[in-house]
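Here the structure is laid out as structure tokens; the discussion comes afterwards.
Derivation of every value follows stated rules applied to the coordinates shown; laboratory data play no part. It should be emphasised that the depicted structure is a prediction, and the values quoted were computed from it without experimental measurement. With ideal geometry, Cβ positions are generated from the backbone for all residues, glycine too; neighbour counts draw on all protein chains shown.
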Amino acid sequence: MNTERMRSLGEKRSVIRELFEYGNRRKAEIGAENVFDFSIGNPSVPAPKEFSEKLCRMIAEENPLALHSYTSAPGDFSARKAVADNLNRRFGTSFCPENLYMTCGAAASLTISLSAVVNDGEEVILFAPFFPEYTVFVETAGGKPVVVPCEWPDFQIDFEKLAEAITEKTAAVIINSPNNPSGAVFSEECIKKLSAMLSEAEEKSGRKIYLISDEPYRELVYGGIEVPFVTKYYNDTIICYSWSKSLSLPGERIGYILVSPENPDWKAVYAGICGTGRALGFVCAPSLFQKIIPECIEMTSDISVYERNRDLLYGALSGMGFEAVHPDGAFYLFVKSPEPDANAFSEKAKKYEILVVPSDDFGMEGFVRISYCVSTEQIERSIPSFKKLAEEYSL
């Protein structure tokens, strides 16, 4: 691991975090109600009331030594069984607890998975736009990110460009659906075509290409949209999940890795996951939140709030002349910048106390991300400021 690289990562925050901290300073200066901070994906909907009640009851009634003790390294058996049973019921799969490894959220899941299946110098394909930390995770695992832009305006996979990107060095492909930052959901047809292309590439090269599916937004979809469950289409799949968004628990850092048993070598892959977790110190995810999982496995926060925010903001901005991807999931609006330089547009928006994230770090230029997981009131109050911004560009 390169020490200079680690220092540079520590000295410079991501563009999202920089904007978030700028927003905190402006709120202290002029009042939070006067700053329209759309920078970070921090859920604004609380965890379900039943979840909080069960958690309080567990803390009050159960043996504190047992509640806060170490679990087994891959995670508490009852938590892993609850996840397996839930997935099997929902998706008609046949997972068992031994396919699952509990983690400190999706970031830990991705870091472990990449380090387990990527060797130094191998390539990992990322579909742009993508969450900026993917490049950090891939490079830390010793891999090389290879960026494939998705199609505009629906942000499905561009298979011609994907075919050009797959080489004998391709070790993994990361997908994120629903997507951060676009809110796009890969269709079943898209997933089937991706699976067929990767299977063909595996057969031709004689080596594995792992499909790593990052799914913290799986439950955040609107209008009856379905998210294809990837293990049903491609055997060499690893799923990385987090309850940060579905249960509004981003600060608790709880998630899992699922290794598909359809992979003939899944036991070896799972052993690699366990070994990597050990090597990186990611063993025994927070035990309290592992033990609450069986009690809340069927719950989600009230995502109707996000749907209402989406409709309000998308409708308002489209009416002003802004071009945006219509999001089917997650809680982000990906808006085309009225000028080629999205950073310049983001800076200009600050004049109206609007904080939006330029898209360069998401792997493509010319867009900004707006996180609408804020209060509906904030969106309503921001619309006159967006209108002024639109008028400045004569939209």
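Could you quote the convex hull projected area for the range 1-85, Cα atoms only and averaged over all directions, in nm²?
Values: hull surface 42.6 nm².
The directionally averaged projection comes out at 10.6 nm².
Kirkwood Rh over Cα pairs of the range 1-148 into Stokes-Einstein at 25 °C, 0.890 mPa s: D in µm²/s?
125 µm²/s
Which aspartates and glutamates have a Cα less than 17 Å from the Cα of K12, not counting those fewer than 8 places away in the same chain?
Partners found: E4, E21, E133, E139, D360, D361.
How compact and how long is the range 340-395, expressed as Rg and Dmax of its alpha-carbon atoms in Å?
11.6, 31
What is the pair-distance distribution P(r) of the range 136-213, computed from all Cα-Cα distances in 5 Å bins starting at 0, with each bin given as a whole percent?
Spelled out per bin, shortest first, that is 3, 13, 25, 26, 20, 10, 2, 0.
Over the chain, what is the relative contact order in whole percent, taking alpha-carbon pairs under 8 Å and six or more residues apart?
Relative CO of the chain lands at 23 percent.
Mind jotting down the distance between the C-alpha centroids of the range 240-286 and the range 92-123, whole Å?
5 Å
Please report the antiparallel percentage of the DSSP beta bridges confined to the chain, to the nearest 5.
Roughly 45 percent of the beta bridges in the chain run antiparallel, per DSSP.
What ranking do 284-291, 369-376 get when scored by the average of other Cβ atoms within 10 Å per residue, highest first?
369-376, 284-291
Mind jotting down the three principal axis lengths of the range 209-328 based on Cα atoms? Whole angstrom, largest first.
53, 35, 26
For E4 paired with E61, estimate the spin-label separation in nm (one decimal), with each label point 7 Å from Cα along the Cα-to-Cβ line.
About 5.9 nm separates the two model spin labels.
What relative contact order, as a whole-number percentage, does the range 70-296 give when Cα pairs under 8 Å and 6 or more residues apart are counted?
Across the range 70-296, relative contact order equals 28 percent.
How many angstrom lie between the Cα centre of the range 133-189 and the Cα centre of the range 19-72?
The distance from the Cα centre of the range 133-189 to that of the range 19-72 comes to 30 Å.
Based on alpha-carbon atoms only, what is the radius of gyration of the range 256-395 relative to the globular estimate 2.2 N^0.38 Å?
That works out to 1.46 for the range 256-395.
Cut-off 10 angstrom, C-alpha nodes, Gaussian network model of the chain. Which of M299, M102, M364 fluctuates the most?
Largest GNM mean-square fluctuation: M299.
Among the lysines, which have Cα under 20 Å from the Cα of K81 when same-chain residues fewer than 8 positions away are ignored?
Answer for K81, where 20 Å is the Cα cut-off: K54, K232, K267, K291, listed by chain and number.
Within 10 Å of each residue's Cβ, count the other Cβ atoms and sort D341, D37 from fewest upward.
Fewest to most other Cβ atoms nearby, the residues stand as D341, D37.
Under 10 Å, Cα contacts only: if you run a Gaussian network model on the chain, which one of S94, S115, S246 comes out with the highest mean-square fluctuation?
Maximum fluctuation in the GNM of the chain, among the listed residues, is at S94.
Could you give the alpha-carbon Rg of the range 70-296 over 2.2 N^0.38 Å, rounded to two decimals?
0.95
Can you report the principal axis dimensions of the range 245-301 using only the alpha carbons, biggest first, rounded to whole angstrom?
36, 27, 18
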